[in-house]
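Notes follow the structure.
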Amino acid sequence: MRHFNVLIIGAGAVGNAIAREVSKNNTISVAVLEKEPDAAFGISGRNSGVLHAGFNNKPGSLMAKLCVQGSESFKEQAEALGIEFKKTGKLVIARYQEDLERLNKLKEQGEANGVRELRIIGRKEIERLLGYDAGVAALWSGMTGIFDPFEYTIALAEAAFAQGTEFFFGRWVTDIKIQNRLINMQSANHQPGQYADLNQFNNIENSCNSDNNCNSDNCFIVTAENRLMGSQETFQTDILINCAGLYADEINQMLGLNDYKIFPCRGEYHILDKNESKGSVLPVYPIPNERDGGLGVHLTPTIGGNLMIGPSAEYLSPGQEREDYSTTLEVMERLSIEGIELFPGLNSKAYIRSFSGVRPKLVSEEEGGYSDFVIEKCKQVSGFIRLIGIESPGLTASIPIGRMVAGMVEGMLQGEKMLIDKNSAKQPDAHKIFTLKHKRDRGDKKMLCRCEGITGEAVLSAFDRILEIGAIPTIKGIKNRTRVTMGNCQGSFCALNIVELLQKKRQVDPMRLLWNGFGSYMFEGSVRK
């Protein structure tokens, strides 16, 4: 059983940002468990990729405070991480005179939050910026920008790894026990909806001793399924951090805590051909409907040069799979109609892909609107930090969130006077299918993906980076690092070339190569030997 001072559940942008900040202290051992094969497969890789300024959030909320902090410091952080960022600005369009009051309220709210570069502009300036007449007025936000959420989330993981964080991908947490003063609350007949009386566990035998390296009064034993191997693994930690996104409430329940419930809300998108996206240089939003709990269907240029339309806001039914990333005909048609309202020249025949993401909302469809972020040291279970309901603008706020949680960790470690023992030698994941022995072969400059102009060298570099942080190679993981298969053909021409290259240069068995998630094997068998 491996022991760490800090264990983080979830390798999304927030979990990786926390790992990056905490591991800056080289006396603290940090690990991250992620259920998917790689980083950026969940919420962090399924969004608009917009750096928000902070005017949509309620003054005094954590959302507002952390969003503004993230916006103000993002350019510097992007440079430190080596990712591309464009400060584009953004327009929120008032199509009719009756919308002006709501537009002014957004501006006032932003100013109350400390957002800079906000002003109301008229029809002529809108037309100058967009090249067409979109409405009677707009709110200009000069602090808004765009970046690649895949690149960003992965860069955070690589930065954390470089500082000593260990990642365990393909690990689905199935159970959490607390040893020493506390025991697993489920096994203590803890009633749902009630907090446990921690004093009742004081007579439990101390099972957290020097033999298993636990350095605190409470010690968490986390059991996870290795989804690649089908085996169970256990990890021990002094501080447990819940960044499980759509499953954050289920992690809570493993500790007998039923005070928060996630309501999954799906958002669907269209992606346009780059040739149809050339005139779109900045995000264009409608005035948000406060009841929807979203910012409305908007137009967003991407770092790669495409234009995205979306997202919708559809709450999933209670019995529906939380990660139901379906796209639906009704919503797809509605996106086109609402997109044309913001961009009259929209060519709906130029869509090259549709996709969806799911928000981990803390308010039901009936309630509507937003709830604030939950970022707290759990009062009921010492050593447990939980982050719940981290929806938009969570990506923008991720680094400030990481700093906030790192401060909590430092205080807890000092308060408990733990004997911190940094693992000096990393233990490699024994279940890796692939090895790094062929890393020296860089491939060549031959063009592999013509749509995006990606070479074989870039693909091999991405493959090696996946292995380096302990992730499991997939075509999607390579795509997220290079944009290969993101062009008009969506992999029709280049996917097999990628497989052939990996087979030749990295000795990858095509029969074991995943397209994206677990079980998504690309081939059933070979037709010839």
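Every number in this text was worked out from the coordinates using simple rules, so none of it is lab data. Computed from a predicted structure; not experimentally measured. Note that each Cβ is placed from the backbone with ideal geometry, even for glycine, and that neighbours are counted across all protein chains shown.
Structural remarks
- Counting DSSP beta bridges with both ends in the chain, the antiparallel % (nearest 5): 70 percent
- Modelled spin-label separation between Ser326 and Cys489, with each label point placed 7 Å from Cα along the Cα-to-Cβ direction: 3.2 nm.
- Amide H contacts under 5 Å for Phe85, placed H, 5+ residues apart: none
- Modelled this way, with points 7 Å down the Cα-to-C-beta line, the labels at Glu72 and Met1 are 4.4 nm from one another.
- From the Kirkwood radius over Cα pairs of the stretch 306-360, Stokes-Einstein at 4 °C and 1.567 mPa s returns a whole-number translational diffusion coefficient of 103 µm²/s.
- Exceedance of the 21 Å cut-off in Cα-Cα distance is limited, within the set Lys274/Lys446; Lys90/Lys261; Lys24/Lys58; Lys107/Lys274; Lys476/Lys504, to Lys274/Lys446; Lys90/Lys261; Lys24/Lys58; Lys107/Lys274.
- Ordering Ser23, Gly402, Phe4 by the projection of their Cα atoms onto the charge dipole of the chain, which places +1 on the Cβ of Lys and Arg and -1 on the Cβ of Asp and Glu, puts Ser23 at the extreme positive end.
- Each Cα pair of the stretch 302-416 feeds into the Kirkwood radius, which the Stokes-Einstein equation turns, at 10 °C and 1.306 mPa s, into a diffusion coefficient of 90 µm²/s.
- Other residues whose C-beta falls under 15 angstrom from the C-beta of Ala80 contribute a net charge of -3, scoring Lys and Arg +1 and Asp and Glu -1.
- For Ile262, the amide hydrogen comes within under 5 Å of the amide hydrogens of Asp249, counting only partners 5 or more places away or on other chains and with H modelled in the peptide plane.
- Calculation over all alpha carbon pairs of the stretch 447-512 in 5 angstrom steps from 0 returns a P(r) of 4, 19, 33, 27, 13, 4, 0 percent.
- At the listed q of 0.11 Å⁻¹, the Debye profile of the chain, built from one uniform point per Cα, gives log10 I(q)/I(0) equal to -1.00.
- Each peptide in 13-25, 488-500 gets a packing score, the mean of other Cβ atoms within 10 Å over its residues, and the list from highest to lowest is 13-25, 488-500.
- Sum of side-chain charges, Trp140 neighbourhood, beta-carbon under 10 Å (Lys, Arg +1; Asp, Glu -1): +1
- In order through the stretch 369-380: 3J(HN,Hα) via Karplus (6.51 cos²θ - 1.76 cosθ + 1.60), integer Hz, x for Gly, Pro: x, 10, 10, 6, 4, 9, 9, 7, 7, 5, 6, 7
- What you get for the chain, charging only the Cβ of Lys and Arg (+1) and of Asp and Glu (-1), is a dipole of about 1740 debye around the Cα centre.
- The stretch 76-109 versus the stretch 299-337: alpha-carbon centroid distance in Å: 21 Å
- Packing order of peptides 379-387, 315-323, highest average first: 379-387, 315-323 (average count of other Cβ atoms within 10 Å over each peptide's residues).
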